[in-house]
Amino acid sequence: MVTTPRTSHDLNVLSARLRLTIARTARRLRQEAGTDLSPSLVSALATIERLGPLTPSELAHHERIQRPTATRIVTRLEQGGLVERASDPSDGRVSLVSASADARTLLRKLRTRKDAYLARRLRDLEPDEIEALDRAADVLERLLEDERG
């Protein structure tokens, strides 16, 4: 039987376990993706694909980075042919960044590789373990809902 953590100490121990497990899982998924792009570039590119077109300032806000960092990231992605810039129709001084067709193809490939890796690992689990992970995913999504920006 699983007991629910009740004390601050229990919650701190659980927090540390979750942090480590999530970090290790993210690192393993990045390795499985097999890309030369840094995690920050992939994250920004995925944000641009999901929410774009965006200004560099909007990208900075969503990625929780400084505007100059977002500008450098956009420049690197643009040099790699992964984003396209266009002038904002309402303000010609501002550029809007959107994911290129190559970026969409790359992101689809990365996601497919990561999903396949996890699916292979999940096949080795018992049905009750899979159900527990499904519930945990719901809880983690709910926990992070207010973090979306």
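On the beta carbon distance between residue 21 and residue 102, with R0 = 30 Å, the FRET formula returns roughly 0.35.
Of the trypsin sites (Lys or Arg not before Pro) found in segment 41-121, those that fall in a DSSP loop while having at most 14 other beta-carbon atoms within 10 Å are 64.
Close amide-amide hydrogen proximity is noted between residue 83 and 78, 100, each under 5 Å apart and 5 or more residues distant or on a separate chain (H modeled in the peptide plane; Pro and chain starts excluded). The 3J(HN,Hα) values that the Karplus relation (6.51, -1.76, 1.60; θ = phi - 60°) gives for segment 84-93 are, in residue order, 10, 9, 9, 6, 5, x, 8, 7, x, 7 Hz. Gly and Pro appear as x. Taking the longest Cα principal axis of the chain as reference, the axis of helix 101-122 is set at about 10 degrees.
Taking Rg/Rh (Cα atoms, Kirkwood Rh) as calculated from this structure, the corresponding entry among [x] 1.06; [y] 1.03; [z] 0.99 is [x].
Students often get this wrong: which residues of segment 114-140 have the backbone nitrogen under 17 Å from the point 7 angstrom along Cα-to-C-beta of residue 14? Within reach of a label on residue 14, which here means backbone N under 17 Å from a point 7 Å along Cα→Cβ, segment 114-140 contributes 132-140.
Dipole orientation for segment 9-121: of the candidates 47, 75, 14, 14 has the Cα lying most toward the positive pole (charges on Cβ; Lys, Arg +1; Asp, Glu -1).
Read-outs: derived from the displayed coordinates by stated rules, not from any lab. Everything numeric in this text was worked out from a predicted model, so none of it was measured. Neighbour counts are summed over all protein chains in view; Cβ atoms, including those assigned to glycine, are modelled from backbone coordinates with ideal geometry.
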